[in-house]
Amino acid sequence: MNISYEYYRIFYYVAKYKSFTKAANILMNNQPNVTRSIHNLEHQLGCRLFIRSSRGVTLTPEGEQLYPRVAAAVTQLLAGEEELLKSKSLHSGLVTIGASEIALHGLLLKKLREFHSRHPGIRIRISNHTTPQAIAALQSGLVDFSVVTTPTGVSKPLEETPLKAFQEILTGGPGYAYLAAQTWHLRDLKEHSFICMDAKSKTYEFYNQYFIEEHLPLEPDMEAATTDQVLLMIKNDLGIGFLPRDLADEALAHKEIFRIPLYREPPARHICLIQDRERPLSIAAIAMKEILLSMQDC
């Protein structure tokens with residue numbers, strides 16, 4: 001039996017307001033159409049659903065049995081329609097993002113502030129990961145997209161879109177301030193303790209390639225889980241290490257760390273948006289993506 005949802009919707013409003021006329025007004029329909037729809041529903045179900053009297057409209061026993069289930073279904077459908085309308089107008093919704101530490105500080109926080117000021121009703125959930133973890137979260141469907149740093153190593157159906165280039169610089173703490181006075185070849189600094197992100201990170205992979213190009217092995221004396229930890233170690237004279245320029249600027253200004261110039265600086269890296277092209281984005285996630293793409297500089 002294939003009964004139109006519209007018949008049940010009309011049944012719901014007639015039963016709720018105990019009036020064909022009120023139901024017609026609520027539905028912006030006319031009374032004859034409402035009456036015809038109820039007759040069609042009764043015919044298909046093989047029973048009467050309403051009794052008309054001078055006091056109005058009441059449900060039959062069969063109508064009383066049907067009404068709770070119809071009311072629950074119509075209420076859920078109306079709530080779903082309302083949620084869709086709200087999300088289309090960006091009054092509600094959720095955006096989930098996997099972000100690496102450098103991407104979060106170097107770009108994402110600023111863009112999140114802009115997004116939140118435009119769409120305060122949209123909830124935002126950020127998962128702070130390494131680049132490989134953020135990509136794995138995207139592949140598992142745990143986030144809408146990821147914002148990470150190169151190298152990413154992604155392949156289809158994942159797609160990488162560069163958002164912002166950034167440069168990393170070699171730095172040392174106050175005990176290494178004397179190294180800032182001249183420009184160095186990297187090989188001339190190999191006697192100093194070197195601090196790097198841990199071997200599971202894409203930053204380690206990036207610097208391993210950079211050291212190979214300099215004909216040197218990457219053999220860090222200390223490894224850190226986050227860039228913030230690398231900065232703290234450098235501040236405390238535990239060794240020298242590379243930091244994103246944006247992250248280092250404040251410490252450089254306060255002379256907590258010092259830049260060590262190199263003849264050949266590391267290649268520029270990029271903060272990238274990683275998206276699964278086989279999975280559609282919600283309206284809220286599309287709006288967030290548009291804000292991120294609006295600041296592409298490459």
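So if I check each of 251, 225, which one is under 24 Å from residue 107 (Cβ atoms), at pLDDT 95 or above and either in contact with a helix residue (DSSP H, G or I) (Cβ under 7 Å, 6 or more places away or on another chain) or surrounded by fewer than 16 Cβ atoms within 10 Å (Cβ to Cβ) (or both)?
Numbers: 225 fails: at pLDDT 95 or above.
On inspection, the qualifying residue turns out to be 251.
Could you please find all residues in segment 210-239 being in contact (Cβ under 8 Å) with a residue 12 or more places away in the chain and closer than 14 Å to residue 265 by Cβ?
210, 211, 214
Does segment 254-283 hold any residues that are acidic (Asp, Glu) and open to solvent by 60 Å² or more (accessible area, probe 1.4 Å), and which are they?
From segment 254-283, those acidic (Asp, Glu) are 256, 265, 276, 278; that's our starting set.
If the condition is that a residue be acidic (Asp, Glu) and open to solvent by 60 Å² or more (accessible area, probe 1.4 Å), then 256, 278 are the ones that fit.
Please go through segment 133-156 and pick out each residue that is open to solvent by less than 40 Å² (accessible area, probe 1.4 Å) and within 13 Å of the chain's Cα centre (by Cα).
If the condition is that a residue be open to solvent by less than 40 Å² (accessible area, probe 1.4 Å) and within 13 Å of the chain's Cα centre (by Cα), then 134, 135, 137, 138, 143, 144, 145, 146, 147, 148 are the ones that fit.
So is residue 69 within 30 Å of residue 270 (Cβ to Cβ), at pLDDT 90 or above and loosely packed, with under 12 Cβ neighbours inside 10 Å or not? Outline the logic, then answer.
Values: within 30 Å of residue 270 (Cβ to Cβ): no; at pLDDT 90 or above: yes; loosely packed, with under 12 Cβ neighbours inside 10 Å: yes.
Here the answer is no, as residue 69 does not meet what is asked.
Just checking, how many residues over segment 211-221 are under 29 Å from residue 254 (Cα atoms) and surrounded by 16 or more Cβ atoms within 10 Å (Cβ to Cβ)?
The number of residues fulfilling the criteria is 1.
Tell me the residue from 15, 24 that is at pLDDT 90 or above and within 15 Å of residue 71 (Cβ to Cβ), please.
Result of the check over 15, 24: 15.
Got a sec? Which of 94, 109 is free of Cβ contacts under 8 Å to residues at least 24 places away in the same chain and farther than 20 Å from residue 201 by Cα?
On the way: 94 fails: free of Cβ contacts under 8 Å to residues at least 24 places away in the same chain.
So the residue among 94, 109 that is free of Cβ contacts under 8 Å to residues at least 24 places away in the same chain and farther than 20 Å from residue 201 by Cα is 109.
I need the full set of residues from segment 7-64 which are charged (D, E, K, R), within 25 Å of residue 76 (Cβ to Cβ) and surrounded by 14 or more Cβ atoms within 10 Å (Cβ to Cβ), in order please.
To start, the set of residues in segment 7-64 that are charged (D, E, K, R) comprises 9, 16, 18, 22, 36, 42, 48, 52, 55, 62, 64.
Subsequent filtering for residues that are within 25 Å of residue 76 (Cβ to Cβ) retains 9, 16, 18, 22, 42, 62, 64.
Within segment 7-64, 9, 16, 18, 22, 42, 62 qualify.
Does segment 87-102 contain at least one residue that is open to solvent by 70 Å² or more (accessible area, probe 1.4 Å) and closer than 19 Å to residue 272 by Cβ? Lay out the reasoning, then the answer.
Of all residues in segment 87-102, those open to solvent by 70 Å² or more (accessible area, probe 1.4 Å) come to 88, 91.
Restricting the remaining residues to those that are closer than 19 Å to residue 272 by Cβ gives none.
Checked segment 87-102: no residue is open to solvent by 70 Å² or more (accessible area, probe 1.4 Å) and closer than 19 Å to residue 272 by Cβ.
Does residue 275 satisfy the criteria of being of a type outside the set (A, V, I, L, M), over 24 Å from residue 105 (Cα atoms) and in contact (Cβ under 8 Å) with a residue 40 or more places away in the chain? Write out each step before concluding.
Working: of a type outside the set (A, V, I, L, M): yes; over 24 Å from residue 105 (Cα atoms): no; in contact (Cβ under 8 Å) with a residue 40 or more places away in the chain: yes.
Here the answer is no, as residue 275 does not meet what is asked.
Inspect segment 168-177 for any residue being closer than 25 Å to residue 294 by Cα, touching a residue at least 60 places away in the same chain (Cβ under 8 Å) and surrounded by 15 or more Cβ atoms within 10 Å (Cβ to Cβ) and give the result as yes or no. Quick ask: steps written out before the conclusion?
Narrowing segment 168-177 to residues closer than 25 Å to residue 294 by Cα: 168.
Pick out the ones that are also touching a residue at least 60 places away in the same chain (Cβ under 8 Å) and you get 168.
Retained after the next criterion (residues that are surrounded by 15 or more Cβ atoms within 10 Å (Cβ to Cβ)): 168.
Among the residues of segment 168-177, at least one is closer than 25 Å to residue 294 by Cα, touching a residue at least 60 places away in the same chain (Cβ under 8 Å) and surrounded by 15 or more Cβ atoms within 10 Å (Cβ to Cβ), which makes the answer yes.
Taking the condition within 17 Å of residue 149 (Cβ to Cβ), surrounded by fewer than 17 Cβ atoms within 10 Å (Cβ to Cβ) and among the acidic types (Asp, Glu), does residue 246 pass? Show your work before the answer.
Working: within 17 Å of residue 149 (Cβ to Cβ): yes; surrounded by fewer than 17 Cβ atoms within 10 Å (Cβ to Cβ): yes; among the acidic types (Asp, Glu): yes.
Yes; evaluated as a whole, the condition is true for this residue.
Considering only helices (runs of 4 or more DSSP H) fully contained in segment 14-132, which possess at least 3 residues that are over 43 Å from the mean Cα position of the chain (by Cα)? It would help to see each step written out before you state the result.
Details: elements: 20-26, 31-45, 61-88, 109-118.
Result: 20-26, 31-45, 61-88.
The values are calculated or read from the model by the stated rules, or taken from the named source; none is laboratory data. The structure displayed is predicted, hence computed values, not measured ones. Neighbour counts run over all protein chains shown; Cβ positions are idealised from the backbone, glycine included. Surface accessibility is based on the protein's heavy atoms, side chains included, excluding ligands, DNA and RNA. Shrake-Rupley method; radii C 1.70, N 1.55, O 1.52, S 1.80 Å.
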